[in-house]
Amino acid sequence: MGLDYQLVLWNKYKKAYDKIIIISMLLYIILFAAITLIFNSETTIETLVIRAFGSLAIIMLNIILIIGPLARLNSNFLPILYNRRHLGVSMFIAAFIHGGFSIFQFHALGDVNPIYSIFTSNMDYNSLTNFPFQVLGFIALLILFAMASTSHDFFLGNLSAKVWKRLHMMVYFAYALIIAHMFLGAFQQETSPLTIGIMTIGFFTVASLHLITAFKEQKIDSMKMEEQEGWLKVCTISEIEEDRAKIFTVKNQRVAVFKYNGKLSAIHNVCKHQGGPLGEGKIIDGCITCPWHGYQYLPSNGQSPPPFTEKVATYQLKLEGDMIYINPEAFDEGTEVEPCNY
Amino acid sequence: MEIIINIFLLILSVYFIIGLLFGFYFLFRGASKIDPLMENTKTKVRFLLFPGVVVTWPFLIGRLFKSKTP
């Protein structure tokens, strides 16, 4: 932990990841421009920029939204999840260029305030086919701005994890606005079946992956656990991989039971940083490591190693033969609990 | 409809103007009262944080007031 805030906490993986993002964005823009100019050489540079960056932003947003569910379904996607924040800021920059050029081309050259013009140049709000779709894009851009501008750790710490999370969950509202913005705009200006096809595939991929993940989590939540004198039967030792955990729902709280070095410990499954699923992480250097951003907790007391101060609730386990049992009553956050030896 | 648009844009403008004014005070004075890490934070980082402060000023004002309450 540093004694001040840095612009970006770089490491070699983040640098490599950012290089991939920038190169991919540049390649997409060049490819989009080349294909557009081959098939429609009369396209103006402003229109080209608007369409290239608009389509780039929506493709990036679709990728951002599928990273979460993909990482829940397959741990190979976790490194991408870990770096998702930079992808989000890059997506906002693409959306901002799209919005900025659109406002300049369509609203800034008259004598009306450009922002006022976005809302009033087309007052056909009761029409579906002629709805002023740019308003939807503008509101979505405001939400994306709020998210990108608060992506620094300063805001996570000072707004509280709860407020920060709520603010960033607004991405789904922004996504809905962008989908409406795209389809209404496409109907009015661009009728290429290819464009509409790509948008539709993106939307259904995002929606179906979220549904699959929700069903998977609902299965964990609805799992009935057998009770025995106040203790709940969890699973056998062999059902948990070494240095990994299994997640169970105990009294409506998700709990992760970890197996490491011949010991078993149970902690609350929710990371204090951004609510990441600790049970989907693994033990690294003796600490439970959150799969989302690498926050760490000691398995025996749920405390982050000093100088960090995060704490999660702990639970007592007992063994009967090979079977693990859990006491459903959680201890206070950071309470030391003797690990179960096997 | 035009009335609704005018009210919405007025609220939006007022929100961002207050945010802009608060942003300068907060980043160069107030922030270190609620976050000790801000004391040694460089000016370029403060400018990076500026847009986010403009957006979230109601929450940060709340935190500033809470920090002054004994």
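The numbers here are math on the coordinates, done by the rules we state, and not lab data. A quick note: this is a predicted structure, and the numbers were derived from the prediction, not measured. Here the Cβ positions follow ideal geometry from the backbone for every residue, glycine too, while neighbour counts run over all protein chains shown.
By the scheme Lys and Arg +1, Asp and Glu -1, what is the net charge of all other residues having a beta-carbon under 12 Å from that of A:Met25? Within the 12 Å Cβ shell, the charges total 0.
Taking the helices alone, chain A has a mean residue ellipticity at 222 nm of -17000 deg cm²/dmol, built from -39,500 (n - 2.57) per DSSP H run of at least 4 residues and averaged over all its residues. Each residue of the range B:38-50 is assigned a 3J(HN,Hα), and the resulting list reads 6, 4, 9, 6, 5, 4, 5, 6, 4, 5, 5, 7, 3 Hz, derived from the Karplus form 6.51 cos²θ - 1.76 cosθ + 1.60 (θ = phi - 60°), x at Gly and Pro.
For the range B:2-68, pairs of C-alpha atoms spaced more than 18 angstrom apart make up 41 percent of the total. The lysine pair tally for the range A:227-341, using Cα distances under 21 Å and a gap of 8 or more places or different chains, is 23. Could you give the Stokes-Einstein D for chain A in µm² per second, using the C-alpha Kirkwood radius, 20 °C, 1.002 mPa s? The calculation lands on 94 µm²/s.
Charge tally for A:Tyr295 (other residues, Cβ to Cβ under 12 Å; Lys, Arg +1; Asp, Glu -1): 0.
With pairing defined as another cysteine C-beta under 4.7 Å, the cysteines of the protein assembly as shown that fail it are A:Cys235, A:Cys287, A:Cys340.
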